[in-house]
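Okay, structure first, notes after.
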Amino acid sequence: MTHIKVNVDGTAYEDDVEPRLLLAHYLRDRLGLTGTPIGCDTSNCGACTVDLDGATVKSCSVLAVQSDGGTVTTVQGLAKDGEWTALQHAFHERHALQCGFCTPGMIMAARDLLRENPHPTSDEVREALEGNLCRCTGYQNIVRAVLAVSGQQLPEEATA
């Protein structure tokens, strides 16, 4: 067992973990943060995307011991005092989800994009989200939601 100290969503944790335990399983099974779904365990789908020390990572491809001394933010840690962020509201208002399984990873990846590029183009949004798979929405509403937060719209919406 390896002893780790990690801050997750503003709460400090100390735990003994097996060195092979994935961060995704630590978050879900040890901490009960089930808002980070496990979609594939191979880092292909992006559903388990979280922020680790300021960078988005697929938590199924990171060991919990790699978060030692770090800060993790999950989709559950974004809302403050029960209030969703503008991005979470945009996903809801723009119907950027259907089954919702990919939504946490999409929101975390979009959040990272908007931190680096507050006014992305539609193509830049699509490129930033290409590591996150959605089997329901066709991505159009997801792109709309991200652009809405940046104060933009898709070209066809501007002429409507």
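State the number of residues belonging to region 5-21 that are touching a residue at least 40 places away in the same chain (Cβ under 8 Å), open to solvent by less than 80 Å² (accessible area, probe 1.4 Å) and under 20 Å from THR56 (Cα atoms).
Counting residues in region 5-21 that are touching a residue at least 40 places away in the same chain (Cβ under 8 Å), open to solvent by less than 80 Å² (accessible area, probe 1.4 Å) and under 20 Å from THR56 (Cα atoms) gives 6.
Can you tell me which of ASP9, ASP15 is more than 19 Å from ALA128 (Cα to Cα) and in contact with a Lys or Arg (Cβ under 7 Å, 6 or more places away or on another chain)?
Working: ASP9 fails: in contact with a Lys or Arg (Cβ under 7 Å, 6 or more places away or on another chain).
None of the other options fit; the residue is ASP15.
Taking region 44-66 as the region of interest, how many residues are under 21 Å from ALA128 (Cβ atoms) and not in a helix (DSSP H, G or I)?
First pass over region 44-66, keeping only residues under 21 Å from ALA128 (Cβ atoms): 44-62.
This time we only want the ones that are not in a helix (DSSP H, G or I), so: 44-58, 62.
Total satisfying the criteria: 16.
Run down ASP112, ASP41 and say which single residue is in a loop (DSSP other than H, G, I, E, B), acidic (Asp, Glu) and within 30 Å of GLU14 (Cα to Cα). Quick ask: steps written out before the conclusion?
On the way: ASP112 fails: in a loop (DSSP other than H, G, I, E, B).
Answer to the check: ASP41.
Scan region 39-53 residue by residue and report those that are open to solvent by 70 Å² or more (accessible area, probe 1.4 Å) and among the hydroxyl-bearing types (Ser, Thr, Tyr). Before you say what the answer is, go through the steps one by one.
Kept after step one, since they are open to solvent by 70 Å² or more (accessible area, probe 1.4 Å), are these residues of region 39-53: 41-42, 44, 53.
Answer for region 39-53, where residues must be open to solvent by 70 Å² or more (accessible area, probe 1.4 Å) and among the hydroxyl-bearing types (Ser, Thr, Tyr): just THR42.
Within region 105-124, can you find the residues that are open to solvent by less than 20 Å² (accessible area, probe 1.4 Å) and in contact with a strand residue (DSSP E or B) (Cβ under 7 Å, 6 or more places away or on another chain)?
Answer for region 105-124, where residues must be open to solvent by less than 20 Å² (accessible area, probe 1.4 Å) and in contact with a strand residue (DSSP E or B) (Cβ under 7 Å, 6 or more places away or on another chain): GLY105, MET108, ALA109.
Do you know which residues across region 89-107 are farther than 21 Å from ALA55 by Cα, small (Gly, Ala, Ser) and not in a loop (DSSP other than H, G, I, E, B)?
Across region 89-107, the qualifying residue is only ALA90.
So GLN98 clears everything in (1) open to solvent by 40 Å² or more (accessible area, probe 1.4 Å); (2) modelled with pLDDT of 95 or more; (3) touching a Ser or Thr at 6+ places or on another chain (Cβ under 7 Å) except one condition, right? Which one?
Condition (2) is where GLN98 drops out.
Criterion first (open to solvent by 20 Å² or more (accessible area, probe 1.4 Å), of a type in the set (S, T, N, Q) and not in a helix (DSSP H, G or I)) does THR36 satisfy it? Even if it seems obvious, please write down each step before you answer.
Values: open to solvent by 20 Å² or more (accessible area, probe 1.4 Å): no; of a type in the set (S, T, N, Q): yes; not in a helix (DSSP H, G or I): yes.
It is false that THR36 is open to solvent by 20 Å² or more (accessible area, probe 1.4 Å), of a type in the set (S, T, N, Q) and not in a helix (DSSP H, G or I).
The values are calculated or read from the model by the stated rules, or taken from the named source; none is laboratory data. Quick caveat: nothing in here was measured; it's all calculated off a predicted structure. Reconstructed Cβ throughout: ideal geometry from the backbone, glycine too, with neighbour counts over all protein chains shown. Side chains are part of the model used for accessible areas, which takes the heavy atoms of the whole protein and leaves out ligands, DNA and RNA. Shrake-Rupley method; radii C 1.70, N 1.55, O 1.52, S 1.80 Å.
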